[in-house]
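Notes to accompany the following structure.
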Amino acid sequence: MASSVISSSPFVCKSSKKDLGFSSFTKSSQISIHRCQKKSISRKIVSVMAPQKDRSPGTTGSVKTGMTMTEKILARAAEKSLVVPGDNIWVNVDVLMTHDVCGPGAFGIFKREFGEKAKVWDPEKIVVIPDHYIFTADKRANRNVDIMREHCKEQNIKYFYDITDLGNFKANPDYKGVCHVALAQEGHCRPGEVLLGTDSHTCTAGAFGQFATGIGNTDAGFVLGTGKILLKVPPTMRFILDGEMPSYLQAKDLILQIIGEISVAGATYKTMEFSGTCIESLSMEERMTLCNMVVEAGGKNGVIPPDATTLNYVENRTSVPFEPVYSDGNASFVAEYRFDVSKLEPVVAKPHSPDNRALARECKDVKIDRVYIGSCTGGKTEDFMAAAKLFHAAGKKVKVPTFLVPATQKVWMDVYALPVPGSGGKTCAQIFEEAGCDTPASPSCGACLGGPADTYARLNEPQVCVSTTNRNFPGRMGHKEGQIYLASPYTAAASALTGRVTDPREFLQ
Amino acid sequence: MATSLHSLNSTLFKSLASSSNKSSSSLSPSPVFRLNPTSTAFIFKPLTSSSSAIIIRASASSSKSGESHTRETFHGLCFVLKDNIDTDQIIPAEYGTLIPSIPEDREKLGSFALNGLPKFYGERFVVPGEMKSKYSVIIGGDNFGCGSSREHAPVCLGAAGAKAVVAESYARIFFRNCVATGEIFPLESEVRICDECKTGDVVTVEHKEDGSSLLINHTTRKEYKLKPLGDAGPVIDAGGIFAYARKAGMIPSASSA
């Protein structure tokens with residue numbers, strides 16, 4: 001018989017009243033700190049249901065076994081009526097995405113294994129999005145975009161968001177920018193589908209109620225030839241976020257809260273499913289931010305049940321038919337966490353781990369050298385709107401260099417065109433200029449992952465940076481001794497105004 | 001994958017020689033644990049006495065009745081890392097412009113392997129100016145390989161000459177990429193071997209036919225049972241995802257251009 005839904009009392013996670021208190025640490029002790037953190041976190045975790053034991057699928061079909069969203073998506077994609085966590089299945093892929101860093105390698109392997117004259121399984125299901133190392137003089141980086149152009153021409157790839165004029169991104173009508181944001185904006189994300197990408201943050205698309213995860217070049221080469229991939233069905237951890245979202249809190253705070261709770265390996269090999277009244281109130285871009293950092297908890301994929309917000313976004317961008325799925329009432333989850341969002345406070349992830357969570361207000365003595373607002377995590381239109389809103393409310397100038405890198409061309413245009421609510425018709429760009437920020441840069445992944453030496457806003461000195469990006473391991477943005485505080489756009493903007501890590505409530509209430 | 005794993009069918013010396021698609025160091029009986037014949041970077045000091053012991057042990061284990069034959073063996077110096085070694089520490093993102101499927105790029109990636117480690121690690125995995133590492137086995141803690149899906153991570157380790165990684169636990173994409181590429185053999189320990197081994201210890205990793213594995217630290221004279229490969233086993237055994245799929249009839253044999 002199908003296992004019942006978790007019956008023990010929900011684990012109510014209040015706020016981070018006891019954050020783990022690592023307010024000061026030295027580089028040499030960081031490793032033991034992370035281990036302490038992980039061990040003490042695992043003691044706090046309450047697993048409210050034992051993981052599924054080995055169970056063969058019902059053979060008669062008369063036993064109705066509930067499946068989670070992810071199980072259903074994978075079952076359908078594998079043309080099976082039932083799957084359980086642990087099953088290794090061959091799955092049909094709906095969309096494969098690649099970019100300038102991994103595309104050449106993936107196609108190289110495809111040709112090596114299937115032959116120089118081989119053709120991809122479906123030229124309309126592959127989306128090639130140069131975005132990582134674009135606006136650079138690095139010859140190899142430029143070469144990689146050219147290589148992708150050759151492959152796309154040869155294979156007749158329908159969706160290649162090309163760039164040829166590196167000096168002026170606007171001169172490239174096809175160019176989009178950051179792959180995960182472009183996928184959503186161009187209508188490639190659809191509920192119920194299987195989307196794979198040669199990038200760890202492919203999990204972003206789970207916001208659309210689909211199975212989306214990152215793979216390497218070799219797996220991608222395999223998918224290019226076959227349209228299939230061998231996957232192990234992951235068990236699902238459920239995160240129920242209820243309560244009204246405070247005005248100073250953003251999805252970035254929610255996911256940093258969760259990662260701080262379960263650690264960077266807390267969701268390894270698992271699905272993170274997000275639901276609850278707070279989730280339902282989030283916009284698509286906020287949901288994308290939430291799912292984006294699932295990989296930082298080790299998660300295989302993140303999912304959010306599609307609703308009117310999802311359908312409204314998707315139906316405006318694609319005419320490809322899709323069929324959403326939802327977790328059954330009697331589906332089995334390996335763990336359940338509940339959050340009362342109204343009690344949460346803005347948080348940051350201190351150097352050098354995304355799970356090194358601390359309250360923003362408790363870091364107010366940390367002097368910073370710069371602020372970076374960008375990336376698939378925090379460089380979308382709403383992220384810039386939020387930062388602009390805070391700058392406008394404060395009416396002050398930034399105290400440190402503040403770098404702005406819109407994720408895509410479309411975001412860049414929104415920054416220059418859309419009026420910021422409550423500002424009397426000013427655009428983000430105007431507000432940023434008045435606040436003394438750097439001019440919004442050409443859209444790409446930018447300095448989120450360091451990049452070639454000439455990358456705009458790269459951390460080339462051992463400085464302290466508050467960033468809306470997704471990882472802060474040593475050397476992530478360039479310099480090995482750089483110190484990166486991951487934060488929401490509100491927190492980043494507030495910090496820029498004071499020159500210290502700052503809780504946005506200082507300027508918003 | 002199969003080309004980078006060597007079965008202990010003759011002597012341990014052979015198992016240390018680079019595989020056919022890596023640098024061509026010739027087989028020589030002694031001093032055999034130099035991975036790069038031209039480098040005088042090191043000579044295993046405790047070698048002579050322990051090396052014969054190793055050979056005896058290896059052949060003993062394969063001839064004991066009822067005991068599983070050893071399928072793969074990796075031997076050499078170990079390089080010890082701790083928890084949460086992310087892909088940017090394994091290979092800083094700036095080297096992501098190199099394409100792993102191009103041999104010259106792959107070689108360069110090897111020379112930068114573990115370049116991103118913070119200074120306090122002391123030892124460099126690859127000495128600046130060299131292309132290969134003198135370390136054969138990487139020992140790690142929890143969540144090894146977390147971060148990016150970029151295959152540059154397992155590729156650079158394999159290109160540098162590392163043969164196996166033994167970690168307490170792995171991040172999934174990195175583990176999957178190890179299995180798919182066959183660049184480096186990923187094994188899981190049952191205890192925190194990273195706390196009991198030191199960089200430079202001489203170790204042997206044995207992977208047996210029944211799927212069990214063992215790590216022997218000759219310097220500390222301790223042995224550690226490792227976890228079986230689990231579901232990745234059949235894919236690794238077949239030789240990677242393409243070979244596995246061919247075996248399963250999912251795709252035809254590779255056609256030549």
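The values are calculated or read from the model by the stated rules, or taken from the named source; none is laboratory data. Please read these numbers as outputs of a predicted model, since none were measured by experiment. Note that each Cβ is placed from the backbone with ideal geometry, even for glycine, and that neighbours are counted across all protein chains shown. Please note that ligands, DNA and RNA were not included when accessible areas were found on the heavy atoms of the full protein model with its side chains. Shrake-Rupley method; radii C 1.70, N 1.55, O 1.52, S 1.80 Å.
Remarks
- The set of residues in region B:91-136 being of a type in the set (S, T, N, Q), in a loop (DSSP other than H, G, I, E, B) and closer than 23 Å to residue A:455 by Cβ consists of B:115 alone.
- Residue tally, condition open to solvent by 10 Å² or more (accessible area, probe 1.4 Å) and more than 10 Å from every other protein chain (Cβ to nearest Cβ), over region A:214-235: 1
- If you go through region A:149-167 and pick out every residue that is more than 27 Å from the chain's Cα centre (by Cα), closer than 19 Å to residue A:198 by Cβ and away from chain B (no Cβ under 14 Å), you end up with 1.
- The residues in region A:123-146 that are out of contact with any strand residue (DSSP E or B) (no Cβ under 8 Å at 6 or more places or on another chain), open to solvent by less than 40 Å² (accessible area, probe 1.4 Å) and farther than 19 Å from residue A:441 by Cα can be counted, and the count is 2.
- Identity of the residue in region A:111-148, charged (D, E, K, R) and assigned to a loop (DSSP other than H, G, I, E, B), that ends up nearest to the other protein chains (Cβ to nearest Cβ): A:116
- Within region A:149-183, tally of residues that are within 14 Å of residue A:413 (Cα to Cα), in a strand (DSSP E or B) and open to solvent by 30 Å² or more (accessible area, probe 1.4 Å): 0
- Just one of (1) among the small types (Gly, Ala, Ser); (2) within 14 Å of another protein chain (Cβ to nearest Cβ); (3) more than 15 Å from the chain's Cα centre (by Cα) fails for residue A:267. It is (3).
- Residue B:150 fulfils the conditions (1) surrounded by fewer than 24 Cβ atoms within 10 Å (Cβ to Cβ); (2) under 20 Å from residue B:103 (Cα atoms); (3) facing another protein chain (nearest Cβ under 8 Å) except for a single criterion, (1).
- Residues (within 12 Å of chain B (Cβ to nearest Cβ) and either in contact with an Asp or Glu (Cβ under 9 Å, 6 or more places away or on another chain) or at pLDDT below 95 (or both)) located in region A:93-106: A:97, A:98, A:99, A:100, A:101, A:102, A:105, A:106
- When restricted to residues that are assigned to a helix (DSSP H, G or I), open to solvent by 10 Å² or more (accessible area, probe 1.4 Å) and more than 13 Å from every other protein chain (Cβ to nearest Cβ), region B:153-183 contains 0.
- Residue in region A:236-257 that is within 12 Å of chain B (Cβ to nearest Cβ) and either in a loop (DSSP other than H, G, I, E, B) or over 26 Å from residue B:150 (Cβ atoms) (or both) present: no
- Any hit, region A:289-307, residues being more than 30 Å from residue A:86 (Cα to Cα), open to solvent by 10 Å² or more (accessible area, probe 1.4 Å) and at pLDDT 95 or above: no
- Looking at B:241, B:236, just one residue is within 12 Å of chain A (Cβ to nearest Cβ) and surrounded by 12 or more Cβ atoms within 10 Å (Cβ to Cβ), and that residue is B:241.
- Checking residue A:434 against (1) away from chain B (no Cβ under 14 Å); (2) over 25 Å from residue A:392 (Cα atoms); (3) among the acidic types (Asp, Glu), the condition it does not meet: (2)
- Being in a strand (DSSP E or B) and under 19 Å from residue A:491 (Cα atoms) holds for only one residue in A:384, A:391, A:432, A:403, and it is A:403.
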